[in-house]
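**Q** Shown below is the structure under consideration.
The values are calculated or read from the model by the stated rules, or taken from the named source; none is laboratory data. If you're wondering where the values come from, they're calculated on a predicted model, not measured in any experiment. Methodologically, a virtual Cβ is constructed for each residue, glycine included, from the backbone with ideal geometry; neighbour enumeration extends over all protein chains shown. The accessibility values were calculated without ligands, DNA or RNA, using every heavy atom of the protein model including side chains. Shrake-Rupley method; radii C 1.70, N 1.55, O 1.52, S 1.80 Å.
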Amino acid sequence: MILYLHGFRSSPQSFKARMMAEHMQRLGRADDYVCPQLSASPLIAIQQAEQILAAYPLSEITIIGSSLGGFYATWLAERYGCKAVLLNPAVKPPRDLKKYVGVTTAYHSDEIFEFKAEYVPELRACEVVAITQPERYLLLAATGDEVLDWREMVAHYPGAQQIVIQGSDHGMADFVDYIDQVIAFCDEKA
């Protein structure tokens, strides 16, 4: 089972989330893929993911996290011992998201989105200083990411399987080139 966690201000309608859903559908495995709309509150977003994780054997779960979803995926993988695929993951969101406190709109709709000041300490509570068991992780980091620094990503996941994509962007427009590797990693037994 794959649990996909989208990024900040994003949704299950993001490019990579839709591509994953369509790919799983083509493989006849649509029932093995879940991508919830996550709350703006990190605490609630983690609880949403934990509710889904509780319905499956942890040995059969891989969490895919994009951007802020990668931060959540790391915390969940460390807590529950499952595997994680990280797509341009946020490594320091308490630092990076402070400047976004306030009201804005979500990326894939005109829906109002509020990132409250109290969410920054919620993010701090989910920080993973150092990963354990790096073999549980696959990192895809784009050097052309205009939002997050790929070098921080690489440094944060030492020993993990890493694919450094030359160029590309934060949204990973060339994700289609890597989707089979992602699925293969998800299907490997832990």
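**Q** Among what's in segment 1-43 and is of a type in the set (Phe, Trp, Tyr) and under 12 Å from the mean Cα position of the chain (by Cα), pick the residue that is nearest to Phe115 (Cα to Cα).
**A** Phe8
**Q** Is there any pair with a first residue in segment 1-13 that is over 17 Å from His23 (Cα atoms) and assigned to a loop (DSSP other than H, G, I, E, B) and a second that is open to solvent by 20 Å² or more (accessible area, probe 1.4 Å) and among the polar types (S, T, N, Q) whose Cβ atoms are under 9 Å apart and which are 6 or more apart or on different chains, and what are they?
**A** Note: pairs meeting the criteria are Arg9/Thr104; Arg9/Thr105; Ser11/Gln37; Ser11/Ser109.
**Q** Can you give me the ranges of the strands (runs of 3 or more DSSP E) entirely in segment 56-131 with at least 3 residues that are open to solvent by 40 Å² or more (accessible area, probe 1.4 Å)?
**A** 102-105
**Q** Quick one: in segment 24-51, which of the residues that are in a helix (DSSP H, G or I) and of a type in the set (S, T, N, Q) is nearest to Asp187 (Cα to Cα)?
**A** Gln25
**Q** I need every pair where a residue in segment 74-97 that is acidic (Asp, Glu) has its Cβ under 6 Å from the Cβ of a residue that is open to solvent by 10 Å² or more (accessible area, probe 1.4 Å), sequence separation at least 6 or different chains.
**A** If the second residue must be open to solvent by 10 Å² or more (accessible area, probe 1.4 Å), the pairs left are Glu78/Val128.
**Q** Here is a further query. Of the residues that sit in segment 35-55 and are of a type in the set (A, V, I, L, M) and open to solvent by 40 Å² or more (accessible area, probe 1.4 Å), which one is farthest from His156 (Cα to Cα)?
**A** Among residues in segment 35-55 that are of a type in the set (A, V, I, L, M) and open to solvent by 40 Å² or more (accessible area, probe 1.4 Å), the one farthest from His156 (Cα to Cα) is Ala55.
**Q** How many residues are small (Gly, Ala, Ser) and either open to solvent by 10 Å² or more (accessible area, probe 1.4 Å) or not in a helix (DSSP H, G or I) (or both) when one looks only at segment 14-23?
**A** Counting residues in segment 14-23 that are small (Gly, Ala, Ser) and either open to solvent by 10 Å² or more (accessible area, probe 1.4 Å) or not in a helix (DSSP H, G or I) (or both) gives 2.
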